[in-house]
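The values are calculated or read from the model by the stated rules, or taken from the named source; none is laboratory data. Please read these numbers as outputs of a predicted model, since none were measured by experiment. Backbone-built Cβ (ideal geometry, glycine too); neighbour counts: all protein chains shown.
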Amino acid sequence: MEDDKLMYVHPAPVRVWHWVNAVGFIILILTGIQLRFAEMVDWFSLEEAIQLHNYVGFVVIGAYGLWVSYYFGTMKIKLYFPSPHNFVPNAIRQIKYYGSGIFQGDPNPHEMTPDNKFNVLQKNAYVGIMFVFLPAQMITGLFLWRVKRFENYIELIGGIKIVSTIHVLLFFFFTAFLFVHIYLATLGHTPWANFKAMFTGYEEHHEHEAAEEAAF
């Protein structure tokens, strides 16, 4: 369903993954803080924090499997890869928009469509997040969950300290990303437009302004 005001751009599997992942990330961040700073934070008992962290970690891994299955199964994974033909000029326009244009009320140079949801900067960011950083966080999390079972792989990486350091650094990265993501999601034509779209699947489209899809 699509008309001159609404575009269906977020299919149900994507919306389910998004909100499961969002809630999972928040719980993992909170329990991760408890585990990392146990002497300063007392939200849960240590045992509760470990169990909840592990359980939700597997839920997030399962949700990632849903995301991968949907995008590769439908071949819509190409939405995440920018075209090399016009990458540089499009990136420059988008950087100028984020750097100054957005504060002057200029329209977004990228116009969202169901087949072109993300601008070039978003695509670059998502490729790194979804295919490098998130898998690395999940893999290191699995290694820390069962150190003895994965000790051979852990040694290949450089030992448990290296695995733990990678996991913690990515923890800080994803915590910062969550705040940036929420902020950018408020930059639609109303502060709640992008949040609403991720519940309904429909983005509002306006004739005289590019669809506001600033949320990474």
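Residue check: F171 meets all listed conditions (1) within 21 Å of the chain's Cα centre (by Cα); (2) closer than 25 Å to L79 by Cα; (3) in contact (Cβ under 8 Å) with a residue 24 or more places away in the chain; (4) in a helix (DSSP H, G or I) but one, namely (2). Scanning for something among the hydrophobic types (A, V, I, L, M, F, W, C), surrounded by 14 or more Cβ atoms within 10 Å (Cβ to Cβ), more than 26 Å from A185 (Cβ to Cβ) and at pLDDT 90 or above, does segment 66-81 turn up at least one residue? Checked segment 66-81: no residue is among the hydrophobic types (A, V, I, L, M, F, W, C), surrounded by 14 or more Cβ atoms within 10 Å (Cβ to Cβ), more than 26 Å from A185 (Cβ to Cβ) and at pLDDT 90 or above. Counting just the residues of segment 143-166 that are touching a Phe, Trp or Tyr at 6+ places or on another chain (Cβ under 8 Å) and surrounded by 16 or more Cβ atoms within 10 Å (Cβ to Cβ), which one comes out nearest to V56 (Cα to Cα)? Ranking the qualifying residues of segment 143-166, first place goes to F143.
Out of the residues in segment 1-41 meeting the condition of being in a helix (DSSP H, G or I) and among the basic types (K, R), tell me which one is modelled with the highest pLDDT. Result: R15.
Of the residues making up segment 94-124, those that are in a helix (DSSP H, G or I), among the aliphatic types (A, V, I, L, M) and within 19 Å of the chain's Cα centre (by Cα) number 2. Is it fair to say F177 is in contact with a Gly (Cβ under 6 Å, 6 or more places away or on another chain) and surrounded by 15 or more Cβ atoms within 10 Å (Cβ to Cβ)? In short, no. Test F133 against the stated conditions and say whether it is within 18 Å of H18 (Cα to Cα) and free of Cβ contacts under 8 Å to residues at least 12 places away in the same chain. Judged against the criteria, F133 is not a match. Only a single criterion out of (1) surrounded by fewer than 17 Cβ atoms within 10 Å (Cβ to Cβ); (2) of a type outside the set (K, R); (3) at pLDDT below 95; (4) assigned to a helix (DSSP H, G or I) is not satisfied by Y55, namely (3). Looking across segment 64-90, the residues that are part of a helix (DSSP H, G or I) and more than 27 Å from F25 (Cβ to Cβ) come down to F87, V88, P89, N90.
Take the conditions (1) at pLDDT below 95; (2) surrounded by 13 or more Cβ atoms within 10 Å (Cβ to Cβ); (3) within 22 Å of I129 (Cα to Cα); P84 misses just one of them, which is (2). Consider segment 92-126 and keep the residues that are aliphatic (A, V, I, L, M) and either touching a residue at least 24 places away in the same chain (Cβ under 8 Å) or crowded, with 18+ Cβ neighbours inside 10 Å (or both). The one that is farthest from Y8 (Cα to Cα) is I95.
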